[in-house]
Structure formats: C-alpha cells, structure tokens
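The values are calculated or read from the model by the stated rules, or taken from the named source; none is laboratory data. It should be emphasised that the depicted structure is a prediction, and the values quoted were computed from it without experimental measurement. Ideal geometry is used to build each Cβ from the backbone, glycine not excepted, and the neighbour counts take in all protein chains shown. To get the accessible areas, we keep the full protein, side chains included, count just its heavy atoms, and leave off ligands, DNA and RNA. Shrake-Rupley method; radii C 1.70, N 1.55, O 1.52, S 1.80 Å.
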Amino acid sequence: MSAEETKVIDARNTFCPGPLMELITQAKQAKVGDTLELLSTDKGSTEDVPEWVHKVGHELISTEQIGDTWHIKIRKAK
Amino acid sequence: MRILVVGGGTGGTIVANHLARRLADDIRGNKAHITLLSDTDKHMYQPGLLYVAFGQMSPDQLYRDEASMLESAVDFHVDPVTSFDFDHNEVETESGANYPYDILVIATGSRIEPEEVPGLNEAAYNFFTEENALRMYKALREFKGGTIAMTVSVPHKCPVSPIEAIFMLHDYFKERGIRDQVRLQYYYPINKVHTTANVAKWAEPEFQKAGIEYETLFNLKEVDAENKIAFSEEGSEAPFDMLIAIPPHRGSQVADDNQMGDGGWIPTDRHKLTMEGYDNVYVIGDCTNVPVSKTGSAAHYEAEVVAENITSIMRIGTPVTEYDGKVYCFIEAGFDRATYNAFDYYNLPDLKPPSKSLHRFKVAYNKMYWTTVRGLL
C-alpha cells in the first residue's frame, strides 16, 4: 500500500475483539506513512481511538459521522 | 459433488461431520464425497491448555484421535496442504497428491508468533501450546514471590483468556498461601482492561478487590530478557520477575506461504463466510479476517452455517443462511467461579454475574466438547 492509499477497516457492529483492537492489528501490519480508516458503529471509538493514537504517537487525521457510522482516519507515524 | 475440508480442528471437524450426516444418502449414492485433510492425526481441545498451565488438566486429557471424532463417511487423510490453486479448484499436499474439489472449506487455524516481539521468546511464558503450558506450570510451582507481569499482544485468539489467566493466578497463589508475596501486574493494549466494554466494567472492580494492578494502553514492543523489563510502544516500562505473555498470533503457515492475506488472515465475507473472490471457497474459524473473536465457539457456529449452505447448494442450488457473528464464551473468574459472554453482530454482549454453577458447567463442558466436535451438541 502506498502512502496515498487508504486501508479501510470495517469494524461496524463488532464487539470482540472490537474496533480499536482491529485498528491496532492493521496498524501493526501497515507501513509508516500509511493511512488507515476505521469504520465503527461504536460511539466510544471517537474517544478510544484518539486516546490511543495520541499516546502511541500516530496522527489522527479526521473523525466524521456518516449515518450511524463513524469514519476515523489515522496515519501511522512510527 | 466433491467437498474438500482443509484443517482438522474445531471448525473443520464439525463441518465435515455435519455434512456427512446431512448428505449420507448422497454419499452412499456416490453423488457427494467429503474429504478432510489435516496436518495431524490428533485433535486437541485447545481451551484445555489454560488448565494445563495451572496443573488442573494433564496434556493427555486434551487429545483424541481425529479419526475417532469423524463420521465414517468422511475420507480422512493426514496429508498437509502445501498450496491452493483456486482458479483450477484443487490443492496440492505435502505427499505430492492433488485433491480437486467443487466446494472447498478452509479451516487452517492460527498460530502464535512470539518472534514478532524482540526478546519475548527468551523471556516469557505462555499457555498456547502444550509445551508452553507445561513450562508455565512448572515455573509457577517454583515461583516463591515477586512480580508477575502479564502482557497482551494483538491480535490474539481467545480474547477472554488474559482475564481468565490473571484471576486464576490470583487464586493459585492464594491457595499456596503466598498471594501477599506476589504482585500481579496486568498490561492491556487498549484503554480498558478488556476489549468488550461489559467485561471491562465487571473486571475492573474485581481487579481492585483481588489486588491485581493494571496498566492500559500498553502495546508490547520488546522485552529485555536479561534485565527483565518489558517495553511498550507507548513508552512505558514493565519490570518483572516472571513474564506471562499472550503472544501475537498469525494465520496458519500455509496461508502465509500462499500469501492469502495480511498477517496470514484470509479475506472472508463476514456473513457468507466465502473467501473474497471465490463463491465456492468457504473459510471458517481462526484463519479468517472476520471481525469476531478467534475462538472454538465462533468456529463452531460458522461451521454450522457453512454445512447448512453446502447442503442447500446440493439440494436447491443456493445457500440459505448467513453467519450472524454469534459467539458464546465462558469466562473463568478464578478457580471456582465463572461467567459467560454471548453476542453477535446485532446484539450487545450480555455478561452474567459469575457463579460456582457456571464454573462447574465449564468444567463439564471441557469433556462435553468431544460431543460438540462430533457435531452432536
């Protein structure tokens, strides 16, 4: 995946392992500079993801609600 | 119709047994043939490994001969698949044989990959193989006091196992009368002590009652085995006297060898359970990238859906049902209490208060599993 491409992680309606775990799994497999877009129907993701991104040192690009789905984009920074 | 099942774990065995019974007349009339290929002649009850790590089950109790678990109509071979040719509907095996199919079911499981974390193999114990579970039990028996750290890497199978293991550690040292000399430290990758919100909500006060300390947002980066310190991606340090790790997992080796998906996880439609791009290839159990927990329970429910659909394809030419994400997991809350978590794509997890009767039921299920895998329960 090039830096311009976005990998979409569809974690809608999932509880275990859940959206943030799915995102961490994909982030491990991604390259530095890659963009990942998490789709989540859990409103808690809008707090959980930024908290993890901030602590681990990645970059939060955007958070947007479309219908009942939150689209949260991050960039792997390290 | 030639139905080929690759993998003799929970999912593969259940799907083969269901199909053998549903299609018994077709098999007798040579209209259907079911072949199961496995890399071993043994079937392991994997959840039993946790009990081996605490001396509550012995390894011999975890195994049965795979052939004895299968309906006699299933054509069973110990001959691991080495390559898949999805465009020509056949697989090649280690023996050099080719097995053509009309419908393929892939159930090749997952494997631990501690090598992904520098130092982890050298420093840590785990309970995900027989050898490792025994090694952990022997180390626990020798442990006289100090700090036990438990780290959790992502992704991993059986997401409730870290919670179960930490509560069992608490009871283990209580029974030995040295709990006050053991510091239990639990490290978890996200900002709660468990990924399922209701499990975390229940477990956090239980941790406090049991004196289990925890740190969240701790994703294991590397371990200094010599100085006994685990380091996180987030920049914190976890010193330990004994390290118990939930190691990172990958899909099966054969999935990796055939470059079937990132991390060895095979891209799978979460409802149809078909492999991306191939309607005649089903994928079940740990080896999928379906966003449900990697457990025998998920493999069991997925196997029932796939068996039903393969039967209906034979009968009426089309699948009739879809997987709804159903999972049911027991959660040991120590040596004498348990609860369970049940959910699907549409219903939030429903956690019951832990009880002794649920623990006794789990202990009974450790034996009842052999009826599940035969496709009877």
Self-check item: Between 0 and 90°, nearest 10: helix B:10-22 axis offset from chain B longest Cα axis
Solution: 30 degrees
Practice problem: At 1.4 Å probe size, with every protein chain present, just tell me what the per residue accessible area of the stretch B:172-295 comes to in Å². | Solution: 39 Å²
Quiz item: Of A:Ile72, A:Gly57, A:Leu39, which is farthest along the charge dipole of the stretch A:6-75 in the positive direction, counting Lys and Arg as +1 and Asp and Glu as -1 at C-beta?
Solution: A:Gly57
Exercise. Provide the net charge surrounding B:Ser236, with neighbours chosen by a C-beta distance below 11 Å and charges set as Lys +1, Arg +1, Asp -1, Glu -1.
Key: -2
Quiz item: For B:Pro319, what charge total do you get from the other residues with a beta carbon under 12 Å from its beta carbon, if Lys and Arg give +1 and Asp and Glu give -1?
Solution: -2
Quiz prompt | Test item: Cα-centred dipole of the stretch B:112-249, Lys/Arg +1 and Asp/Glu -1 on Cβ, debye | solution = 600 debye
Quiz item: Classify the stretch B:1-149: rounded, prolate or oblate, from the alpha-carbon gyration tensor (a ≥ b ≥ c, eigenvalue square roots; a/c under 1.5 rounded; otherwise prolate if a/b is larger than b/c)?
Solution: prolate
Self-check item: Local net charge near A:Ile74, Cβ-Cβ under 9 Å (Lys/Arg +1, Asp/Glu -1)
Solution: +1
Quiz item: Which angle between 0 and 90 degrees, to the nearest 10, do you get for helix B:161-176 versus the longest principal axis of chain B when only C-alpha atoms count?
Solution: 50 degrees
Quiz item: If one computes P(r) from the Cα atoms of the stretch A:6-75, what percent of pairs lie at distances over 18 Å?
Solution: 25 percent
Practice problem: Mind putting together the pair-distance distribution for chain B? All Cα pairs, 20 Å bins, whole percent per bin, short to long. | Solution: 28, 55, 16, 0
Quiz item: Roughly how many nanometres apart are two label points built 7 Å out from the Cα toward the Cβ at B:Trp370 and B:Glu142?
Solution: 3.4 nm
Practice problem: Would you give the gap between the C-alpha center of the stretch B:119-147 and the C-alpha center of the stretch A:3-70, rounded to a whole Å? | Solution: 34 Å
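At a Förster radius of 45 Å, what calculated FRET efficiency corresponds to the Cβ-Cβ distance of B:Arg360 and B:Glu276, to the nearest 0.05?
Values: r = 43 Å, r/R0 = 0.95.
Between B:Arg360 and B:Glu276 the formula returns 0.60.
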Quiz prompt | Burial of 50 Å² or greater, the stretch B:126-159 residues [accessible area, probe 1.4 Å, versus chain by itself] | solution = B:Val154
Quiz item: Residue by residue through the stretch A:34-48, which ³J(HN,Hα) values in whole Hz follow from phi under the Karplus form 6.51 cos²θ - 1.76 cosθ + 1.60 (θ = phi - 60°), with glycine and proline marked x?
Solution: 5, 9, 10, 10, 8, 9, 9, 9, 9, 4, x, 4, 5, 9, 5
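What is the gain in length, in nm to one decimal, between B:Arg21 and B:Asn98 on full extension, counting 0.36 nm per residue of separation less the C-alpha to C-alpha distance?
On the way: separation 77, 0.36 × 77 = 27.72 nm, distance 2.58 nm.
Stretched out fully, the B:Arg21 to B:Asn98 stretch lengthens by 25.1 nm.
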Quiz item: Charges only on Cβ, +1 for Lys and Arg, -1 for Asp and Glu: so what's the dipole of the stretch B:41-140 about the Cα centre, in debye to the nearest 20?
Solution: 760 debye
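Which shape class, rounded, prolate or oblate, goes with the stretch B:264-318 when its Cα gyration tensor gives a ≥ b ≥ c as root eigenvalues, a/c under 1.5 marks rounded, and past that a/b bigger than b/c marks prolate? Mind showing how you got there, number by number?
Numbers: a/c = 2.88, a/b = 1.47, b/c = 1.96.
Cα axes put the stretch B:264-318 in the oblate bin.
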Practice problem: Would you be so kind as to identify which of B:Tyr278, B:Gln253, B:Ile266 lies farthest towards the positive end of the dipole of the stretch B:233-306, taking Lys and Arg as +1 and Asp and Glu as -1 on Cβ and the Cα centre as origin? | Solution: B:Tyr278
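Work out, step by step, the length gained on full extension between B:Asp60 and B:Ala342: first 0.36 nm times the residue separation, then minus their alpha carbon distance; give nm to one decimal.
Values: separation 282, 0.36 × 282 = 101.52 nm, distance 2.98 nm.
Extra length from B:Asp60 to B:Ala342 when fully extended: 98.5 nm.
Helix-derived [θ] at 222 nm for chain B: sum -39500 (n - 2.57) over DSSP H runs of at least 4, divide by residue count, nearest 500?
Working: 11 runs with 118 residues, N = 377.
Computed ellipticity for chain B at 222 nm equals -9500 deg cm²/dmol.
Partner chain Cβ atoms within 10 Å, averaged over the residues of A:19-30 - can you pull that number for me?
Working: counts 3, 7, 11, 5, 2, 8, 11, 5, 3, 9, 4, 1.
Mean shielding by partner chains, rounded to a whole number: 6.
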Practice problem: Taking a probe of 1.4 Å and counting only protein heavy atoms, give the total accessible area buried between chains B and A in Å², rounded to the nearest 100. | Solution: 2200 Å²
Quiz item: If you take the square roots of the eigenvalues of the alpha-carbon gyration tensor of the stretch B:47-96 and sort them as a ≥ b ≥ c, do you get rounded (a/c under 1.5), prolate (a/b over b/c) or oblate?
Solution: prolate
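Once neighbouring chains are kept in place and the probe is 1.4 Å, which whole percent of the accessible area of the stretch B:231-351 is contributed by carbon and sulfur?
Working: 1930 of 4330 Å².
After summing per-atom areas, the C and S share lands at 45 percent.
Pick out, in residue order, every one of the GluC sites (Glu not before Pro) in the stretch B:225-275 that is DSSP loop and has at most 16 other C-beta atoms within 10 Å; say none if there are none.
On the way: sites: B:Glu226, B:Glu233, B:Glu234, B:Glu237; in loops: B:Glu226, B:Glu233, B:Glu234.
Within the stretch B:225-275, the qualifying GluC sites (Glu not before Pro) (loop, at most 16 other Cβ atoms within 10 Å) are B:Glu226.
How fast does the stretch B:81-238 diffuse by Stokes-Einstein, in µm²/s, taking the Kirkwood radius from C-alpha pairs at 37 °C and 0.692 mPa s? Let's see the in-between values first.
Numbers: Rh = 18.1 Å.
My calculation gives 181 µm²/s for D.
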Quiz item: Where the Cα atoms of the protein assembly as shown are projected onto their three principal axes, how long is each span, largest first, in whole Å?
Solution: 67, 53, 41
Quiz item: Taking the Cα atoms only, what angle lies between the long axis of helix B:197-210 and the longest principal axis of chain B, rounded to 10 degrees?
Solution: 30 degrees
Quiz item: In whole percent, what relative contact order does chain B give with Cα contacts below 8 Å and a gap of six or more residues?
Solution: 19 percent
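Shielding by partners for A:6-16, please: the mean number of other protein chain Cβ atoms within 10 Å of each residue's Cβ. Mind dumping the intermediate values first?
Numbers: counts 0, 1, 0, 2, 2, 1, 3, 8, 9, 17, 19.
Neighbouring Cβ atoms belonging to other protein chains average 6 per residue here.
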Quiz item: Between B:Phe231, B:Val292, B:Ser95, whose Cα lies farthest towards the positive end of the dipole of chain B when Lys and Arg beta carbons carry +1 and Asp and Glu beta carbons carry -1, centred on the Cα centre?
Solution: B:Val292
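In debye to the nearest 20, how big a dipole does the protein assembly as shown give about its Cα centre with +1 on each Lys and Arg Cβ and -1 on each Asp and Glu Cβ?
1620 debye
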